[in-house]
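Worksheet: one structure, shown below.
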Amino acid sequence: AIPAVHDFTSHIRWTGNRGDGNARYEGYDRRWQLCSPGKPVLDCSNDPLLGGDPLLYNPEDLLITALSSCHMLWFLHLSFNAGIVVMCYEDHPIGHGESAPSGAGRFVAATLRPQITLAPGMDAQAADAVHDQIHDVCFIARSVNFPVRIAAQYDFAEI
């Protein structure tokens, strides 16, 4: 079978021109907008370590968020297929990065730390096993070149 080809689009717009463009390194802001048609505008910036606004999302935040949300959506789907009822799912992922002396940076690993509430009577070990299947199907996880670890915690909904 021939794989299906998908195109994903986005629209970003630099909003940090203070009047002289990027003529001076200190003369422009690292602010930009994610402004895809039909979707809410999201104001973003550079990583604060590189002069960005710490109150705004940066590309690194967006990558770790994409990885975490793709994992969550596959977890919900595969858990449903396995008869595991999930009542709540929250994640506080962390991307582990390094910066070279030249300033070049990269992710070297990520840890997803989902806190999952299961319906009463569900098997937490079976739910944990679902995580092992996700890296084989998650579009984002299959696209990154660094290891992704899962440190899930479970509790159970009240009856």
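Numbers below:
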item	result
Residue, nearest to Ser143 (Cα to Cα), within the stretch 100-128, restricted to residues that are small (Gly, Ala, Ser), within 20 Å of the chain's Cα centre (by Cα) and surrounded by fewer than 17 Cβ atoms within 10 Å (Cβ to Cβ)	Ala109
Subset of the stretch 60-90 (residues that are touching a Pro at 6+ places or on another chain (Cβ under 8 Å), surrounded by fewer than 20 Cβ atoms within 10 Å (Cβ to Cβ) and under 14 Å from Ile116 (Cα atoms))	Tyr89, Glu90
Residue, farthest from the chain's Cα centre (by Cα), within the stretch 137-159, restricted to residues that are open to solvent by 60 Å² or more (accessible area, probe 1.4 Å) and more than 16 Å from Met72 (Cβ to Cβ)	Ile159
Residues that are under 19 Å from Ala66 (Cβ atoms), out of contact with any His (no Cβ under 6 Å at 6 or more places or on another chain) and not in a loop (DSSP other than H, G, I, E, B), drawn from the stretch 134-159	Val148, Arg149
Cβ pairs under 6 Å, 6+ apart, first in the stretch 5-18 and closer than 12 Å to Cys35 by Cβ, second aliphatic (A, V, I, L, M) and in a strand (DSSP E or B)	Ile12/Leu34
Scan of the stretch 4-33 for residues that are of a type in the set (A, V, I, L, M, F, W, C) and either open to solvent by 50 Å² or more (accessible area, probe 1.4 Å) or assigned to a loop (DSSP other than H, G, I, E, B) (or both), ordered by number	Ala4, Val5, Phe8, Ile12, Trp14, Ala23
Within the stretch 96-129, tally of residues that are part of a loop (DSSP other than H, G, I, E, B) and modelled with pLDDT of 95 or more	6
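The values are calculated or read from the model by the stated rules, or taken from the named source; none is laboratory data. Bear in mind that the values here come from a model prediction, so they are computed numbers and not experimental data. For neighbour counting, all protein chains shown are included, and Cβ atoms are generated from backbone atoms with ideal geometry for every residue, glycine included. For the accessible areas, the whole protein counts, side chains as well, though only heavy atoms, and no ligand, DNA or RNA atoms are used. Shrake-Rupley method; radii C 1.70, N 1.55, O 1.52, S 1.80 Å.
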